[in-house]
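See structure below.
Bear in mind that the values in this text are calculations on the coordinates, not laboratory data. For clarity, every value in this text was computed on a predicted model and none was experimentally measured. Cβ placement follows ideal geometry from the backbone for every residue including glycine, while neighbour counts extend to all protein chains displayed.
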Amino acid sequence: MESATIALEALSLLIAPLVVYRLWFAPLARLPGPSICAISRLPLMYYEFNGRRRPFIHDLHMKYGPIVRVAPDEVSFATREAVKEIYTSGGSGYEKSPFYLLFENFDTG
């Protein structure tokens, strides 16, 4: 065998478990979204680099619904209720930075 073939096979053996984990066993695996976004950040990075991140994510929401996995470790929510829960909930048990004070009046009055 050529060394390039051996290197490619070795790389495949190293990457395959990561792909399997991200698609079926990761904490975010049950969330909808394109499989390629579950495997790699490259699609999101591509659209961000080209200034089209927002339209890309919007299109994903149109196809997959209000909750979309846009990267292996990133989720996008498209409902007011989700934004309110994420940014204004005080009962999470985690201390939030002062940044979250900006959302105190979110969806009030």
Q: Mark the label point 7 Å from the Cα of Tyr87 along Cα→Cβ and return the residues of the stretch 30-56 whose backbone N is within less than 20 Å of it.
A: 53-56
Q.
Give me the net charge for the shell around Val68: Cβ to Cβ below 11 angstrom, other residues only, Lys and Arg +1, Asp and Glu -1.
A. 0
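Please report Phe25, Phe103 as a ranked list, fewest other C-beta atoms within 10 angstrom at the top and most at the bottom. Spell out each step's value before the answer.
On the way: Phe25 9, Phe103 15.
Starting with the residue having the fewest Cβ neighbours, the order is Phe25, Phe103.
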Q: Rounded to the nearest 0.05, what FRET efficiency do Glu48 and Ser3 give with R0 = 35 Å and r taken as the Cβ-Cβ distance? Could you check?
A: 0.45
Q. Ignoring the sites themselves, what is the longest stretch of the chain with no trypsin sites (Lys or Arg not before Pro) in a DSSP loop and at most 16 other beta-carbon atoms within 10 Å?
A. 53-95
(Q) Suppose the chain between Met62 and Leu101 were pulled fully straight at 0.36 nm per residue; how much longer would it get relative to their current alpha carbon spacing? (A) 11.0 nm
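At most 16 other Cβ atoms within 10 Å plus a DSSP loop assignment makes a site exposed; report the longest stretch of the chain without any exposed GluC sites (Glu not before Pro). Don't skip to the answer; put the middle values down first.
Working: sites that count: Glu2, Glu95, Glu104.
By the stated rule (loop sites, at most 16 other Cβ atoms within 10 Å), 3-94.
Determine the sum of side-chain charges near Pro32: Lys and Arg each +1, Asp and Glu each -1, restricted to other residues whose C-beta is under 12 angstrom from that of Pro32.
Working: positive: Arg30, Lys63, Arg69; negative: none.
Overall, the nearby charge balance is +3.
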Q) For helix 3-20, what angle does its Cα long axis make with the longest principal axis of the chain, in degrees from 0 to 90 and rounded to 10? A) 30 degrees
Q) For the stretch 56-68, what does the Karplus curve 6.51 cos²θ - 1.76 cosθ + 1.60, with θ = phi - 60°, yield as ³J(HN,Hα) per residue in whole Hz, taken in order and with x for Gly and Pro? A) 4, 5, 4, 4, 5, 5, 5, 8, 9, x, x, 10, 9
